[in-house]
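Structure first, then comments.
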Amino acid sequence: MTLPETTAEERQAQRAYGDLLAHFDGCAPCRVESYCPAGERLRRAHRATRCALSGTAPLTRRRPMGTLTNGRTTIPYDNWNAPRLDWRKAGRTDLDPILKDCVILAAAPPAMGHPHYSILDGTRMIAISDDKDPAAPVLLMSRVEISKFFDGVIAGEFDEFRASTDELEAAAAAAAADATVRPSRQDP
């Protein structure tokens, strides 16, 4: 049995797929995070060659992505459990270089069919998560609940959970050391 000869388009599609796999094997942001410019470029090239082979039109609309901001800088970011939300983290944390070190909040869609009787349909919700893991669980709370929690924080009811000065300095030193070791997220 002889195998059919591959066409130039098929070889191009195979190369595009091989490039994509090779990139993913060596790219930590693609394995861990939800966005990498080089990986996105390779995905588009692979998708275009695959569509050319099948005779279908490539998708022109990209899935909208959420963002992450600290008030000074905004980057593309998605939590896989709550995609396309615009997340906010404390202004005391950095985004450049990307330091994943904070609790994040986002305005979530209004509640629909919530299992607790006090959360009525249409109640405005807040999503809470951790930015170190794009697959981290997401906790949804009503704005009333989060407001009461913030009031307790402001009143000092949770001061026992604050990091000590030594813990804050150790975390800053670890982040600085990690930033010098971590490869840049800039496009090659």
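Rule-based calculations on the coordinates, nothing more; no lab input. As the structure is a computational prediction, the values presented were derived from the model and not from experiment. Please note: Cβ atoms are built from the backbone with ideal geometry, for glycine as well, and neighbour counts cover all protein chains shown.
Approximating the spin labels as points 7 Å out from Cα along Cα→Cβ, the THR123-to-ALA171 distance works out to 2.9 nm. Taking a Cβ cut-off of under 15 Å around ASP151, the surrounding Lys, Arg, Asp and Glu residues balance to a net charge of -1, with basic ones at +1 and acidic ones at -1. Between rounded, prolate and oblate, where does segment 67-181 land on the alpha carbon gyration tensor, with a ≥ b ≥ c its root eigenvalues, rounded for a/c under 1.5, else prolate if a/b exceeds b/c? Judged from the Cα gyration tensor, segment 67-181 comes out oblate (a/c at least 1.5, b/c at or above a/b). For the peptides 160-173, 118-131, the ranking by packing is 118-131, 160-173, with the highest mean count of neighbouring Cβ atoms within 10 Å listed first.
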